[in-house]
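Asker: Please find one structure pasted underneath; my questions will follow.
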Amino acid sequence: MTMMFTNIEFCDDATEENVVELIERSISADAKYIVVLIASQSTVRIESIPNLAAVTSVPLNACIIPGVVYGNHYSYRGVLVIGFKDPITSLIIPNIAASHDVLCHQLQQFVADNGSFGSAFIFVDGLSHAVEPFIATVYEKLGSDRTLIGAGVGDIDNRFNMSIADEQGCFRNAAIIFCLSNSYKIQVVGKHDLPKIAGPYLVTEAYENVIHSLNYQPAVEIFSEAISLLSGIDITKENINKYLHCYPFGLKQLDEEYLVRDIMSVNENSLVCVGNVAENSLVYILHATKEVLISAASDAGAQFAAKLSPNKTDKIRHVFLIDCISRAFHLQSDYQLELDAINNQFAGGNIIVGVLSIGEIKNSNQGAIQFLNKTIVLGGM
């Protein structure tokens, strides 16, 4: 384990003047690279970043994210400014929907600069239909010897807004990869604990992240009937949106938890998910309750804290959290209980910092890079 950061600054309800001040603090702390994470309801606009980056003495990147977390606090209007102790090699992919050959060529430069061992962080437009093909290409080029942790970025309420920026400009449908270390692998834990309550259902028609039919019947009809039977509530087209976040789909995996696919919305008789679902796959209906979510948060914190032996806790001041925004939406004001449950597992002065994301990214037990939903991911190096 090693310390990555010179400093991490948090400001709730931040203004552009606050961001400039926090960047100046990072430079004064001798940061060699700066990342600015802007909560999507902030008055700070990502379009201001290119000019700001151009006059900053070290490389600077920024992302729009649904929310930011610092310690016991979370904010939909705040900003995190992260200063890195060492120079960071980064790569912006301006269009993750580009052809496979173009993406491979761009990613090859990252491999040429950094090799294929160590740790990297990735931010990717979580609202793009191209997320999973892009992540598969990242895995193809980087392989399983480089551990990745990352988050889906963007503005849920304005999905066509720009989400990533540097001194060259602002980008949508984009990604940025940071090389954290070519020597160490980041420690990562991911967990959701959502139980299966129905299924399996055969996905008989789907395209990318939209499921059109299950068991050869309209997807909305099958889903509504199942939830009505399980909950005792009459699920109709008029009230279905109220229950989507409670009942995500799960895809069975080998020796791992279900791969969750949150249902984002209804489009006529189809269900729109966060993340792709392949035709002919089998999906189960999972059930997210307040008790399960908070218990999983506590367990994830305990599992990650156990990775930190006593002689290392003083060297890893910050633990990075990537927590799915759908968990916060589900819990509403009780999300504070989830955050407290994680923080309570760290008694050594470690500070939780991170984001509320549109999908979480980490390696599976078999090494492949996965785009997750409704999952808590903790990482540190």
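Asker: Being modelled with pLDDT under 95 and surrounded by fewer than 19 Cβ atoms within 10 Å (Cβ to Cβ) is the filter; apply it to the stretch 74-87 and report the residue that is nearest to Ala175 (Cα to Cα).
Answerer: The selected residue is Pro87.
Asker: Restricting attention to the stretch 147-169, does a residue exist that is touching a residue at least 24 places away in the same chain (Cβ under 8 Å), open to solvent by 40 Å² or more (accessible area, probe 1.4 Å) and aromatic (Phe, Trp, Tyr)?
Answerer: no
Asker: Just a yes or no: is a residue in the stretch 259-266 touching a helix residue (DSSP H, G or I) at 6+ places or on another chain (Cβ under 6 Å), within 30 Å of Phe121 (Cβ to Cβ) and not hydrophobic (A, V, I, L, M, F, W, C)?
Answerer: Yes, there is a match, as at least one residue in the stretch 259-266 is touching a helix residue (DSSP H, G or I) at 6+ places or on another chain (Cβ under 6 Å), within 30 Å of Phe121 (Cβ to Cβ) and not hydrophobic (A, V, I, L, M, F, W, C).
Asker: From the residues in the stretch 117-157 that are within 21 Å of Asn182 (Cβ to Cβ), part of a strand (DSSP E or B) and not small (Gly, Ala, Ser), which one is modelled with the lowest pLDDT?
Answerer: So, considering only residues that are within 21 Å of Asn182 (Cβ to Cβ), part of a strand (DSSP E or B) and not small (Gly, Ala, Ser), the one modelled with the lowest pLDDT is Arg146.
Asker: I've got another one for you. Name every residue in the stretch 131-146 that is open to solvent by less than 20 Å² (accessible area, probe 1.4 Å) and touching a strand residue (DSSP E or B) at 6+ places or on another chain (Cβ under 9 Å), in order of residue number.
Answerer: Passing the criteria: Val131, Phe134, Ile135, Val138, Leu142, Arg146.
Matching residues to (1) at pLDDT 95 or above; (2) open to solvent by less than 50 Å² (accessible area, probe 1.4 Å); (3) among the aliphatic types (A, V, I, L, M):
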residue	(1), (2), (3)
Ser281	yes, yes, no
Tyr284	yes, yes, no
Ala296	yes, yes, yes
Ala302	no, yes, yes
Ala306	no, no, yes
Lys312	no, no, no
His318	no, yes, no
Leu321	yes, yes, yes
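Asker: Just wondering, is there one or more residues in the stretch 373-380 that are modelled with pLDDT under 95 and open to solvent by 10 Å² or more (accessible area, probe 1.4 Å)?
Answerer: So far as the stretch 373-380 goes, no, none of its residues is modelled with pLDDT under 95 and open to solvent by 10 Å² or more (accessible area, probe 1.4 Å).
Asker: Scan Asn61, Asn95, Asn51 and give me the residue that is assigned to a helix (DSSP H, G or I), at pLDDT 95 or above and either closer than 30 Å to Gly143 by Cα or open to solvent by 30 Å² or more (accessible area, probe 1.4 Å) (or both).
Answerer: Asn51
Asker: If you scan the stretch 270-301, which residues turn out to be polar (S, T, N, Q) and either under 30 Å from Val319 (Cα atoms) or touching an Asp or Glu at 6+ places or on another chain (Cβ under 7 Å) (or both)?
Answerer: Within the stretch 270-301, Asn276, Thr289, Ser295, Ser298 meet the criteria.
Asker: Just to be sure I understand, how many residues within the stretch 136-159 are over 13 Å from Gln366 (Cα atoms), out of contact with any Phe, Trp or Tyr (no Cβ under 9 Å at 6 or more places or on another chain) and of a type in the set (Gly, Ala, Ser)?
Answerer: 2
Asker: In the stretch 258-277, which residues are open to solvent by less than 60 Å² (accessible area, probe 1.4 Å) and in a loop (DSSP other than H, G, I, E, B)?
Answerer: Matches in the stretch 258-277: Tyr258, Asp262, Val274, Gly275, Asn276, Val277.
Asker: Identify the residue in the stretch 115-125 that is open to solvent by less than 10 Å² (accessible area, probe 1.4 Å) and in contact with a helix residue (DSSP H, G or I) (Cβ under 9 Å, 6 or more places away or on another chain) and, among all such residues, is nearest to Val35 (Cα to Cα).
Answerer: Filtering first and then ranking leaves Ile122.
Here's the yes/no breakdown for (1) within 17 Å of the chain's Cα centre (by Cα); (2) of a type in the set (Val, Ile, Thr):
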site: Asp30; (1), (2): no, no
site: Leu37; (1), (2): yes, no
site: Gln41; (1), (2): no, no
site: Val44; (1), (2): no, yes
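Asker: Does Asn209 satisfy being in contact (Cβ under 8 Å) with a residue 60 or more places away in the chain, more than 27 Å from Lys252 (Cα to Cα) and polar (S, T, N, Q)?
Answerer: No; evaluated as a whole, the condition is false for this residue.
The values are calculated or read from the model by the stated rules, or taken from the named source; none is laboratory data. Not measured: the values here are computed from a predicted model. Note that each Cβ is placed from the backbone with ideal geometry, even for glycine, and that neighbours are counted across all protein chains shown. Note: accessible area is taken over every heavy atom of the protein model, side chains too, but ligands, DNA and RNA are not part of it. Shrake-Rupley method; radii C 1.70, N 1.55, O 1.52, S 1.80 Å.
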